[in-house]
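Read-outs throughout are calculated quantities, based only on the coordinates presented, and are distinct from any laboratory measurement. These figures come from a predicted structure and were not determined experimentally. Note that we place each Cβ from the backbone using ideal geometry, even for glycine, and neighbour counts take in every protein chain shown.
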Amino acid sequence: MGKHVTFEGFSQPVLEVDADFVVVGSGAGGAAAAVILARGGHRVVIVEAGPWRAPEDYPSTTYGAMRDLFADWGSLVTQSRALWPVVQASCVGGTTVINSAIVVRTPADCFERWEREYGIDGAALRERVWAHQDRLERELSAEVVPPDARGLLNTLAMDAADALGFDSHYMVRYAKDCEGAGQCLQGCRKMRKQSTNLNYVPEVIERGGDVLSSAPVARVLFEGTRAVGVTGRFRDPATRRDGARYTVRARRGVLMGASATQTPVLLARSGLKSRALGSLFRAHPGTGIFGVYADPVDQNVGATQGWASMAFRVEPGLKLETLAIPPEMVAGRLPGGGRELVRRFREYRNIAMWVTAVRAESAGTIKPGLLGGAVVRYQLDEADMRKFRKGLAMVARMHFAAGAREIIPGIYGLPYKLGPDQVGLIDEGPLDPRCYIAILSHLFGGCPMSADPRQGVVDAGGKVHGTEGLYVVDASAIPTTLGVNPQHTIMALASVWAENLVS
Amino acid sequence: MNELVRFALVSFFPREGDLPGLAELGVDERIRELRRDSTALFWTGIVAAAVVFQLSPILTVHRPWPAVFLSEDELDAHAQKLATHPVYLLRQLIVLLKLMGGTFWGQSPEVRAFLHLPAYPEDPGTRRVEAHVARPVPGPRAPVAALVTLGRKEEERGRSHAGVPRALGEPEARHHGEEA
C-alpha cells in the first residue's frame, strides 16, 4: 500500500521520492496512464497541482466550485478579440470531477486524419484505442442516463429532435446509477459520477503507488536528453502559499498529464526545445440558447447533461447537447442589469439551456506568460464562426419544435427575446466572436502528435521527440478536434501509451 | 475597497417586488469571503470592474459624476446600459461583476425558496490530508418524485434507451460516433 502526501504546513521537510514512473496530473489522461503502469507492477507516483477533495468535501454552490475545484477561479481566458473562459479543474481527478463524464468513442475518421496529416499509423492505433474503450466502459460503469434521472431539460430535447427528424440519443456517461441530482458541475456529492479520484487514483495507492496533492510541478528534471523526474513545492490550497520542496525521481519515465493548457507550459518552462511546442491548440467552443416554456422545466432537476445529437458532427461540424446551469449562474448570464435583470430572472423555472459545441478547425497557441501561467491565443476564423452561428440557429429551432414560446439568444445586437418567426435573425447574426458568450471546454493540442518532429512534439507512442523517458498522456497530444466529447479518447490514448511502457 | 465592490454588486441585483435585493442577503460577509478566498488576479478584476462601474455614468446616463451620486432610477438605468454597452471590454468587465453578484444573489436561501429549491448546504471547504483516503461508498439510489414520474412516462413512450444506437462493450456493436 502506498500513501497520499499533501501540504500540511511550512515545517514539512524536503520530500524526496523514488519511483519507476512519475505521472504529472491525475485527471482523465494522468490517472488512466498511472493505473495501467501500476497494474503492470511498476511503482508509480502521481503528482497533482490541486488538493484531493472527496465527495464529502465537494461544494454545493457555484462559489464553492470556483473556490475549491476550478483552476484559478476559472479566470483563464483566451487572449484574442474575444475573451472566452477556458474551463478546467485543479484537484485530484482533474476536470473529471466537474465535467459530465460523457462517453463517446473516438470516431474512425479521426484516426484516418491523423494518419493522413500527421503520419500516424491510424489503423493500428484505432484498434488499440477501441479495445481500451471497451475496458474503460466496463470498469467505469458507462451507462445510458436512466429514465428517472433525465428531467424535462433532456426529455424536451429528445422531443425536439424527434419532431425535427434528426438522430439523437440520451447520453452514455461514466455514471453508475445516476439519480439526477443536477450537480455534475460542482462534483457529484451522490458519488455516482466515476471521476478518477474515486477509482483509478485510489487503485494506484492500493497497488503501492504514492499521490502528492497540492503539489504543482515547477519543472521536469533532465539529465542530458533524458527526463529523470520532477520537482516543485507544495502549495496551501487555501492561502496559495508555498510550502516544502519535493522532488520525485523516476527511473523509467516521466508522463505529462497536466492538461492541454498546463503540459505545454510546463515543458516550455523546463527548457524543452521544439518548434511545435504550444502549437495546434484547438477546441470545441460552446455556447447556448435559453428556451422559455409555458410550464416550469426546472432544468436543475435531473441530469446536468443527458441528451446529445451527433447528427451534424461531419457537416456542418457541430454537436448539440443539453446543459443545465444553476440559478446563480443564470443570474449572471442573462443580459441586462438592475431591476430589469431581476425581472428577467423570474422566468428561471421556465427556461431550458441547450448548447452547441463547434468542431472548430481554427488553431491557436499556448505559451507561458510573464507570471508563469498559460497564455492562450485562440480565435475562430470566419468558417468556424459560421458553424457557430448555424449551431445556435439549430438550437433555437429545436426549442420551438419542443414548444418553447420564445427564446433568449444572448447575442449582442439581437433583441432580448425572439419568437418562432425571428430565428432568421440568428441565421444572419453577427460573425464577430465578441457578440457571443462562449466557453472553451474541450481542449486539444499544444504538444501535438506527429511522426515529424517539425510538426509535432510527441510521436505516435506519446514520447516527446528528441528526449528519452518523457511522454505526454493528455489532450495536448491530440492534434485535431474530435467532434465528440474527448474524455473517453484521452483516457484510451493514455492507456495505450502506458501499456507500451509496461510491455 | 469592499464598499466600492459592494456598491457595484448590489446595483445589479436590487430588490424587485417580492424578490429581495443582494443588499438584503448578507452581501458584506460574502465580499469579505471573496477577498479572502480569491486569487489576487481575480480580486483585482472585480475591483477594476467596480471602479469602471463607478466612473462610467457619463457613458450611459450622461451624468458627469460617479455612480454613487445617481438617483435610484438613474443607477438602475446605468446598470442596464453598462451591461449591454457597445464597447466589448466594458461589457466583459461587467460580466465579471454580474457573475459574482449573481452567484451571491442566486445561491441565497431566499432566492432558492422563490424557485422552490431547498437551501444549499454549507460548502465544507475541506480536503483530504490523510495518508490513506478511503474509497467512498454511495448510498441507496433515490431520485426525487418528479423525476420518477417523468421516468415512468419515458418508459411508457419506449424511450428507456432511446437513440443509443448500439449496445456498449460488444465489438460488433460499437458506438463510435461516426454513424452520424
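Once amide H atoms are built 1.01 Å from N in the peptide plane, which residues 5 or more positions from A:SER141, or in another chain, come under 5 Å H to H?
Amide H neighbours of A:SER141: none.
Can you give me the Rg/Rh ratio for the range A:1-76, using Cα atoms for both radii and the Kirkwood formula for Rh?
Across the range A:1-76, the Cα-based Rg/Rh ratio is 1.02.
Would you mind counting up the charge near A:GLU468? Only other residues with Cβ under 14 Å from its Cβ, with Lys and Arg at +1 and Asp and Glu at -1.
Within the 14 Å Cβ shell, the charges total +2.
Please compute the Cα-Cα pair-distance distribution of the range A:296-391 with 5 Å bins starting at 0, giving whole percents from short to long.
Over the range A:296-391, the share of Cα pairs per 5 Å bin runs 3, 11, 15, 13, 14, 18, 15, 9, 3, 0 percent.
From the backbone phi of the range A:47-62, what are the Karplus-calculated ³J(HN,Hα) couplings (6.51 cos²θ - 1.76 cosθ + 1.60, θ = phi - 60°) in whole Hz, Gly and Pro given as x?
With coefficients 6.51, -1.76 and 1.60, one gets 10, 10, 5, x, x, 8, 10, 7, x, 5, 8, 5, x, 9, 8, 5 Hz.
Holding the Cα-Cα limit at 27 Å, pick out from A:LYS176/A:LYS387; A:LYS387/B:LYS153; A:LYS273/A:LYS387; A:LYS390/A:LYS463; A:LYS3/A:LYS190; A:LYS417/B:LYS81 the pairs that are longer than that.
Those over the limit are A:LYS176/A:LYS387; A:LYS387/B:LYS153; A:LYS273/A:LYS387; A:LYS390/A:LYS463.
Cα atoms only, chain B: Rg and Dmax in Å?
Rg and Dmax of chain B, Cα atoms, are 23.8, 72 Å.
Using packing as a proxy for protection, rank A:300-311, A:253-264 so that the peptide with the highest average count of other Cβ atoms within 10 Å comes first.
A:253-264, A:300-311
Find, to one decimal place in angstroms, the Kirkwood hydrodynamic radius of the range A:1-130, where the mean of 1/r is taken over every pair of different Cα atoms and then inverted.
Taking the inverse mean of 1/r over all distinct Cα pairs, the range A:1-130 comes out at 17.9 Å.
Non-local amide H neighbours of A:HIS465 (under 5 Å, H modeled in plane, Pro and chain starts lacking H): which ones?
Result for A:HIS465 returns A:VAL458, A:ASP459.
Using alpha carbons only, how many angstrom separate the centre of the range A:36-62 from the centre of the range A:295-359?
The two parts, judged by their Cα centres, are 30 Å apart.
At q = 0.13, 0.23, 0.24, 0.31 Å⁻¹, what log₁₀ I(q)/I(0) does a Debye calculation on the Cα points of the range A:13-55 give, no solvent, two decimals?
Normalising to I(0) and taking log10 leaves -0.31, -0.83, -0.87, -1.10.
Exposure proxy check: A:HIS399, B:HIS85 ranked by fewest other beta carbons within 10 Å?
In increasing order of surrounding Cβ atoms, one gets B:HIS85, A:HIS399.
Given the -39500 (n - 2.57) contribution per DSSP H run of 4+ residues, what per-residue ellipticity at 222 nm results for the protein assembly as shown, rounded to the nearest 500 deg cm²/dmol?
-10000 deg cm²/dmol
Note the angle between two axes, namely the Cα long axis of helix A:122-139 and the longest principal axis of the Cα atoms of chain A, as a number of degrees from 0 to 90, rounded to the nearest 10.
Rounded to the nearest ten degrees, it is 80.
Enter the per residue convex hull volume of the range A:219-278, computed from alpha-carbon coordinates, in Å³ rounded to the nearest integer.
Enclosed volume per residue, from the Cα hull, is 99 Å³.
Output wanted: per-residue J couplings in Hz (rounded whole) for the range A:97-111, from phi through Karplus 6.51 cos²θ - 1.76 cosθ + 1.60, θ = phi - 60°, x for Gly and Pro.
With coefficients 6.51, -1.76 and 1.60, one gets 6, 10, 9, 9, 6, 6, 10, 9, 5, 5, x, 4, 5, 5, 5 Hz.
What is the mean number of Cβ atoms from other protein chains located within 10 Å of the Cβ atom of each residue in peptide B:151-160, rounded to a whole number?
Across the residues of B:151-160, the mean count of other-chain Cβ atoms within 10 Å is 4.
Over all residues in B:11-21, what is the mean tally of Cβ atoms on other chains that come within 10 Å of each residue's Cβ?
That average works out to 4.
Over all directions, how big on average is the projection of the convex hull of the alpha-carbon atoms in the range A:259-306, in square nanometres?
For the range A:259-306, averaging the hull's shadow over all directions gives 5.6 nm².
If packing is taken as the average number of other Cβ atoms within 10 Å across a peptide's residues, how do A:140-147, A:171-178 rank, most packed first?
A:171-178, A:140-147
Give the value in nm², to one decimal: projected area of the alpha carbon convex hull of the range A:103-159, averaged over all directions.
5.6 nm²
Return the sequence-ordered ³J(HN,Hα) values of the range B:126-142 in whole Hz as given by the Karplus equation 6.51 cos²θ - 1.76 cosθ + 1.60 applied to θ = phi - 60°, using x for Gly and Pro.
My calculation for the range B:126-142 gives 9, 8, 7, 10, 6, 6, 10, 8, 5, 6, x, 10, x, x, x, 6, 8 Hz in order.
Taking every pair of alpha-carbon atoms in the protein assembly as shown, what share in percent sits in each 10 Å bin, from 0 to the bin with the longest distance?
That works out to 3, 16, 27, 28, 18, 7, 1, 0, in percent per bin.
Using Cα atoms only, what is the angle between the long axis of helix B:27-37 and the major principal axis of chain B, expressed in degrees (0 to 90) to the nearest 10?
70 degrees
List the residues, sorted by chain then number, that are 5 or more residues from A:VAL103 or on another chain and whose placed amide H is less than 5 Å from its amide H.
The answer is A:VAL172, A:ARG173, A:TYR174.
Determine the principal axes of the Cα atoms in the range B:51-147, then give the extent along each, sorted from largest to smallest and rounded to whole angstroms.
Reported extents, whole Å, longest axis first: 61, 39, 23.
Return the Rg/Rh ratio of the range A:140-260 with Cα-based radii and a Kirkwood Rh.
Ratio value, two decimals: 1.15.
Of the DSSP beta bridges with both residues in chain A, give the percent that are antiparallel, rounding to the nearest 5.
65 percent
Fewest first, what order do A:ILE407, A:ILE439, B:ILE94 take by the number of other Cβ atoms within 10 Å?
A:ILE439, B:ILE94, A:ILE407
What do you get for Rg/Rh of the range A:408-458 when both radii come from the Cα atoms and Rh is the Kirkwood radius?
Taking Rh as the inverse mean 1/r over Cα pairs, Rg/Rh reads 1.32.
Could you run the Debye sum over the Cα atoms of the range A:177-239, one equal point scatterer each and no solvent, and tell me log10 of I(q)/I(0) at q = 0.28 Å⁻¹, two decimals?
Treating every Cα as an identical point scatterer, log10 I(q)/I(0) equals -1.08.
Translational D (Stokes-Einstein, µm²/s) of the range A:411-496 at 4 °C and 1.567 mPa s when Rh comes from the Kirkwood sum over C-alpha pairs?
Approximately 82 µm²/s, per Stokes-Einstein.
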